1. Does B:L75 fit the bill of being farther than 17 Å from A:T38 by Cβ and surrounded by fewer than 23 Cβ atoms within 10 Å (Cβ to Cβ)?
2. Hey, can you tell me all the residues within region A:440-457 that are buried (at least 24 other Cβ atoms within 10 Å of the Cβ) and part of a loop (DSSP other than H, G, I, E, B)?
3. Of the conditions (1) buried (at least 20 other Cβ atoms within 10 Å of the Cβ); (2) within 14 Å of chain A (Cβ to nearest Cβ); (3) part of a loop (DSSP other than H, G, I, E, B), B:R27 clears all except one; give me its number.
4. Please verify whether B:R44 is part of a helix (DSSP H, G or I), surrounded by fewer than 15 Cβ atoms within 10 Å (Cβ to Cβ) and modelled with pLDDT of 95 or more, treating the condition exactly as stated.
5. Given the conditions (1) assigned to a helix (DSSP H, G or I); (2) crowded, with 24+ Cβ neighbours inside 10 Å, and given that A:A160 satisfies all but one, which numbered condition is not satisfied?
6. Could you tell me which of the residues A:T82, A:T38 is in contact with a Lys or Arg (Cβ under 8 Å, 6 or more places away or on another chain), of a type in the set (S, T, Y) and either more than 19 Å from B:Q183 (Cβ to Cβ) or more than 8 Å from every other protein chain (Cβ to nearest Cβ) (or both)?
Amino acid sequence: MSARTLFDKLWDAHQVKAETESTPGVLYIDLHLVHEVTSPQAFDELRSRGLRVRRPDRTLATLDHSTPTLPPGADGKRPYYTKEAEAQVATLEANVREFGVDLMGWDSPQRGIVHVAGPEVGATHPGMTIVCGDSHTATHGAFGALAFGIGTTEVGHVLATQCLLQRKPKSFAIHVDGALQAGVTAKDLILHIIGRIGIGGGTGHVLEYTGEAIRALSMEERMTVCNMSIEAGARAGLIAPDETTFAWLEGRERAPKGDAWDRAVAYWRTLPSDEGARYDREVRIDASAIQPSVTYGTHPGMVVPIHAPVPAAADAIEQRALDYMKVTAGKPIAGEAVDVVFIGSCTNGRLSDLRAAADILRGRQVAEGVRMLVVPGSEQVRRAAEQEGLHEVFRAAGAEWREPGCSMCIAMNGDLAQPGQLVVATSNRNFEGRQGKGARTVLASPLVAAASAVAGRVADPREYMNQEVAA
Amino acid sequence: MSQTTRPLAYVHSRTAVLRDENIDTDRIIPARFLTTTERTGLGRHCFQDWRYAADGSDDPAFPLNQPQARGCSILVAGRNFGCGSSREHAPWALLDYGIQAVISNEIADIFRGNALKNGLLAIVVSDAEHRWLLDNPGTELRIDIAEGTIRLPDGGSIRFDLDAFSRHCLLNGVDQLGFLLQQADDIAAFEHQQEKAA
């Protein structure tokens, strides 16, 4: 057999039926993650046809998007933003009972954002195909799993048949050489990549991130990188599994155990792309040249190094983006006044992200007039952070420490910014109105976000790192 | 009722144009309307934050609010339409708003798949053809799905590619879940094989 890429191997291993000229292939799905927003109409579809969930054992649900991040009030009621949000959560709770699906619900110590909690419980394994009605499903590609977002009709297809009708996308290798500088994170790396290949640069492709800078990343950092593959238009992003992956996964609740673990690892070692495997496209990136990076416009491809001038608008459409953001071409984003700082999301809501932000905030204060929300990605992240006292660091600095959820990333649970406010966010999308109607979003790393909270303006975290702070 | 789309052979309409590139699914349907558990009724929120003035009236600056765009069911949009979130609420909202076909020179993958599964035609044309369509709003087009052509008023036509299966499903209103359910034996055989190998 000719040399194959990691993507080729994952694809080939899940073909129930190969595609033909007239029909797409039938692709088997190993793990289906479900949340409250994109599933109700799919469960309705099953009900209307009298169908069951084919593999409840391969289906795992959580509550994350519509959920409040403030605790229940004195009356014990959760402060849902709207009645519809509450009804949507109740609908999923009823659906999982009716169809026999596991739910990491309100009473679960594992509840969290689907792409944080899924890997944490060990549900995500190398070599799997994983889908969810959520475009950030690409996150799980960090484990060498083919993971992508689907719409609600396809959620119904997978619930009923564990399969999808798919044609094979093209492959696109992103080679990242060298090493990231201190103060430059996985978030800066992926923002830089999206800026380089463009918001539609990955359309029709599955990305594979390779090279020495990628191998050096921790699992959490790899998840940050793969998470934003969709922001370059790619449905999926992959990183080959290696010792870092196996060490992270071993012993987790839903990971294989004993002999099954050894057999699984032996198989996972065969997954990395073969020597000489060919990609449809390739690009090379020098990690050492990357600076802390931020977005300046209204999509994640409008990225600049934090001190670099905002580029002049190439046309009326780009000018509209600059006008919406109230930024000026020729001036850097560093120094822009900040109203809100959001740390969290499936991109940057993991323990290492909270630690990085806390390191900047320890002994310092959030600037006057700045509101800062810190939202752990899951209950496990919350507990671990609280055991280390990170919540006390955030609270002492003047930030709000919230309960886990998607929160201000999608801003559908009431956590949102006001019109015109500038938000430095560790999430993944800076679209117009994404964080509230008229809100202006600057995407950044947890380090940049924390430094900006302290400075009250968009700030370079290296100004705050390794400096002694008087206790 | 099962979700089988109505057979669709032609879309015949004048075009409405949104020149913006990268019109993301948050702009098509903001996230705050995703708490619905239905597929219906999203049309009134389609392009919500773009389309209405502060007092809730139609904002005349929104191109689709202009008189000549009213009643158009073909939308010509800038590059990379439908990028971002996988929410199927985007094609549901567009269909409910009255759009039956979207034409661009690039359409985001997940949106395109979602659209076609709901009987919303998503068509990619060349850069030159796209530019002409952007520059000529209000052009009367007749999209022929079986032929894969867009007929222009002057008798000319633009060819477009559509995956053979999507074409078949649109033309015949084929229910893709029904098609998958017919593969049950092959799926069971695959699962058996996979369990043996583990």
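The values are calculated or read from the model by the stated rules, or taken from the named source; none is laboratory data. Note that the coordinates shown come from a computational prediction; the quantities given were computed from them, not determined experimentally. Cβ placement follows ideal geometry from the backbone for every residue including glycine, while neighbour counts extend to all protein chains displayed.
1. No; evaluated as a whole, the condition is false for this residue.
2. Of everything in region A:440-457, those that are buried (at least 24 other Cβ atoms within 10 Å of the Cβ) and part of a loop (DSSP other than H, G, I, E, B) turn out to be A:A444, A:S445.
3. Evaluating B:R27 over (1) buried (at least 20 other Cβ atoms within 10 Å of the Cβ); (2) within 14 Å of chain A (Cβ to nearest Cβ); (3) part of a loop (DSSP other than H, G, I, E, B) leaves (3) as the failure.
4. yes
5. Going through the list (1) assigned to a helix (DSSP H, G or I); (2) crowded, with 24+ Cβ neighbours inside 10 Å, A:A160 breaks only (2).
6. A:T38
Condition check ((1) surrounded by fewer than 23 Cβ atoms within 10 Å (Cβ to Cβ); (2) modelled with pLDDT of 95 or more; (3) within 14 Å of another protein chain (Cβ to nearest Cβ); (4) more than 26 Å from A:N430 (Cα to Cα)) across all residues:
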{"position": "A:E208", "(1), (2), (3), (4)": "no, yes, no, no"}
{"position": "A:N227", "(1), (2), (3), (4)": "no, yes, yes, no"}
{"position": "A:I230", "(1), (2), (3), (4)": "no, yes, yes, no"}
{"position": "A:A234", "(1), (2), (3), (4)": "no, yes, yes, no"}
{"position": "A:T244", "(1), (2), (3), (4)": "yes, yes, no, yes"}
{"position": "A:L249", "(1), (2), (3), (4)": "no, yes, no, yes"}
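Here is a yes/no grid of residues against (1) more than 30 Å from A:V116 (Cβ to Cβ); (2) outside the structural domain of A:T224 (by TED's automatic domain parsing); (3) among the aliphatic types (A, V, I, L, M); (4) surrounded by fewer than 24 Cβ atoms within 10 Å (Cβ to Cβ):
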{"position": "A:V310", "(1), (2), (3), (4)": "yes, yes, yes, yes"}
{"position": "A:Q319", "(1), (2), (3), (4)": "yes, yes, no, yes"}
{"position": "A:K326", "(1), (2), (3), (4)": "yes, yes, no, yes"}
{"position": "A:D339", "(1), (2), (3), (4)": "no, yes, no, yes"}
{"position": "A:F342", "(1), (2), (3), (4)": "no, yes, no, no"}
{"position": "A:R350", "(1), (2), (3), (4)": "no, yes, no, no"}
{"position": "A:R355", "(1), (2), (3), (4)": "no, yes, no, yes"}
